[in-house]
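Visitor: Please read through the structure below; I'll follow up with questions.
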Ligand code: SF4
């Protein structure tokens, strides 16, 4: 199981294949993925995750990211992040689709704030219509999902987390309008370039 893989000074963690979106540009749809076979035959438990990471203090950053949406496994993320902090992790980031409060039916940010430093949230679009086309939320409407993403970003900022809103440079995404949304929320903004080949 490829639970942890490093790139330079960053360690990336892969704890689930599941997601509440089905984005057109998701690495799960690409031939290349991230260069590793990240499809998990089963989801790792806390012990397996801690063993896969080893000493977190040797990395500049430890990132909970794909394949899927890490905050589907909130309990594991909170427990592991707390342990990484105890073991000297310098910075912990979560790359998330921002649906966590809908997934869990409560505000989970106060649980994350003490053990996480940075939340990178996939904004993906300048409005709910484009979000629906590109991110294709699987159980909730595009309007609800997009509203949840913005509310989650606001809540993370309120709890003093460093927030980054990200978009993929993709046809139909209005980068200037997305940047304006980030500016209005008072959070950082990042444009990611898509580097894969979508499988037909
Ligand atoms: S939110 Fe991320 S993991 Fe989920 S489908 Fe979109 S790109 Fe893939």
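Where a number appears in this text, it was derived from the coordinates with a stated rule and is not lab data. Everything quoted here is computed from the prediction, not taken from an experiment. Virtual Cβ from ideal backbone geometry, glycine too; neighbours counted across all protein chains shown.
Visitor: Provide the percentage of antiparallel DSSP beta bridges, counting only those with both residues in the chain; round to the nearest 5. All intermediate terms of the calculation are to be shown ahead of the outcome.
Guide: Details: 5 of 26 bridges.
Percent antiparallel among DSSP bridges in the chain is about 20.
Visitor: Post the alpha-carbon centroid distance, region 101-172 to region 6-83, in whole angstrom.
Guide: 18 Å
Visitor: Sort 69, 75, 144 so that the residue with the fewest other Cβ atoms within 10 Å of its own Cβ comes first and the one with the most comes last. Let's see the in-between values first.
Guide: Numbers: 69 25, 75 11, 144 14.
Going from least to most buried by this count: 75, 144, 69.
Visitor: Suppose the Debye formula is applied to equal point scatterers at every Cα of region 9-86; what is log10 I(q)/I(0) at q = 0.22, 0.27 Å⁻¹?
Guide: Once normalised to I(0) and log-transformed, intensities are -1.08, -1.42.
Visitor: Something else about it: Taking the inverse of the average 1/r across all pairs of different Cα atoms in the chain, what Kirkwood radius in Å do you get? Walk me through the numbers on the way to the answer.
Guide: Working: mean 1/r = 0.0587 Å⁻¹.
So the Kirkwood estimate lands at 17.0 Å.
Visitor: Please give, to one decimal in nm, the separation of the simple spin-label points placed at residue 1 and residue 158, each 7 Å out from Cα toward the Cβ.
Guide: 3.5 nm
Visitor: Can you sort 155, 83 from fewest to most other Cβ atoms within 10 Å of each residue's own Cβ? Can you show the working numbers first?
Guide: Working: 155 21, 83 16.
Least to most surrounded, the residues fall as 83, 155.
Visitor: I've got another one for you. May I ask you to sort 156, 26 by Cβ crowding, counting other Cβ atoms within 10 Å and putting the fewest first?
Guide: On the way: 156 26, 26 19.
By the 10 Å Cβ count, ascending: 26, 156.
Visitor: FRET efficiency for residue 176 and residue 58, Cβ-Cβ distance as r, R0 = 41 Å, nearest 0.05? The partial results should precede the final answer.
Guide: Values: r = 39 Å, r/R0 = 0.96.
For residue 176 and residue 58, the calculated efficiency is 0.55.
Visitor: Per the helix-only calculation at 222 nm, which mean residue ellipticity applies to the chain, given -39500 (n - 2.57) for every DSSP H run of n ≥ 4 and division by its residues, nearest 500 deg cm²/dmol? Write down the numbers at each step before the final one.
Guide: Values: 7 runs with 66 residues, N = 200.
Rounded to the nearest 500, it is -9500 deg cm²/dmol.
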